[in-house]
Structures are given as C-alpha cells and as structure tokens.
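Rule-based calculations on the coordinates, nothing more; no lab input. All values reported here derive from a predicted model rather than from experimental measurement. Cβ coordinates were reconstructed from backbone atoms using ideal geometry, including for glycine residues, and neighbour counts include every protein chain displayed.
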C-alpha cells in the first residue's frame with residue numbers, strides 16, 4: 001500500500017511530457033500552415049481552424065489534469081482514478097480527431113500543389129500527435145489500474161460483524177493434595193491423616 005501513491009505520482013509525471021509534446025505539435029502545426037498561408041496569400045476557410053483547434057484544447061486540458069493529478073493524485077486515490085478515466089477519454093478523442101483529419105490531409109497533398117509542403121508537415125505532426133496520444137492512453141490505463149476503488153477497499157482489513165468475546169476465566173481446579181493442618185488447641189503442625197495431636201494429645 002505504501003508504494004501505490006508513489007507509483008501514481010510517477011505515472012502522472014510521465015504523462016506530463018506527453019501532454020506538452022502534443023500541445024507543442026498542435027501549435028506548430030497551425031504556425032506552419034499560417035506561414036504557408038502568408039506565402040500564398042489565400043484566406044483559409046473556417047473549417048481549417050476548426051480542424052486545428054481541437055488538439056490544442058485537448059492537449060491543454062490533458063496537461064492541466066496531469067499537473068493536478070501529479071500534485072494531488074498521490075494523496076487521493078479516488079481523484080487519481082477519475083483523472084485517469086478523464087485523461088484516457090481526452091487522449092482517445094485526440095486519436096480519433098486526428099485520424100479523421102488524416103484523409104483530408106492526404107487529399108490535399110495529392111491535389112493541391114501549392115500546399116503540398118505544408119500538408120506533408122501537417123501529416124507528420126498528426127502522426128506524432130497520434131503516437132503520443134496512444135502512449136498517454138496506455139499511461140492512463142496504468143493510472144486507473146493503480147487506483148481501482150475496489151482494489152483499495154479490498155486491501156483494507158475487513159470489519160468483523162461480531163464483537164470479540166472476552167475470554168472466560170475458569171477457576172483453577174481444587175487441589176486434591178493434602179493441605180497443612182494445625183492443632184486447634186496448641187497450634188502444632190499435624191501429621192497427614194493424624195487423628196490426635198502428637199504434642200498435646202488433643203483430638204483433631
């Protein structure tokens with residue numbers, strides 16, 4: 001149990017550079033296209049920006065949750081478990097979002113010569129974003145496994161429904177051996193089984 005928080009912190013620590021890389025690639029992707037747009041002097045459609053913005057939003061949310069999880073998840077297993085599920089969803093959304101864009105990017109490479117260089121660069125960034133998002137998914141699965149609530153509950157000692165019964169003390173059995181006897185008249189010690197006192201002759 002003592003190692004679990006440390007494991008969780010280490011997993012969130014590994015996720016942080018993944019989120020940063022995805023964020024950087026998403027921003028650079030837009031910058032590259034903006035440069036090409038400036039060179040060729042054409043106005044991009046709103047669809048262009050709608051395709052480029054989601055990865056940035058996903059990556060920012062992923063980074064924020066990762067930082068919080070690293071600092072607080074080691075103290076709160078339930079929060080770490082929930083953050084693992086949320087970051088898993090964000091990473092999966094990134095993968096799906098970029099897979100949808102790949103087809104359009106390839107079409108641009110094939111049919112729009114003026115944007116071919118930018119489209120090839122964009123395709124490379126998309127692939128890298130997908131790769132790091134898949135690594136983030138694996139990381140999130142490990143975080144979830146480290147902090148499964150049922151496992152946490154199972155590791156605690158089970159409470160007993162019955163109160164422990166106090167041990168019953170039994171008196172020691174009466175000794176069957178002969179006890180020392182004394183004469184009631186003179187107080188002298190009597191021999192075992194004696195009927196008369198050997199000192200004063202009084203009857204026992």
Query raised in the report: Highest mean first, what order results for 115-124, 182-191, 19-28 on Cβ atoms within 10 Å?
Result: 19-28, 115-124, 182-191
Query raised in the report: Per residue and in cubic angstrom, what volume does the convex hull of the Cα atoms of region 4-154 have?
Result: 89
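Could I get the Rg over Rh figure for region 73-124? Both from C-alpha atoms, Rh via Kirkwood, rounded to two places. Walk me through the numbers before you get to the answer.
Numbers: Rg = 17.9 Å, Rh = 13.3 Å.
So for region 73-124, dividing Rg by the Kirkwood Rh gives 1.35.
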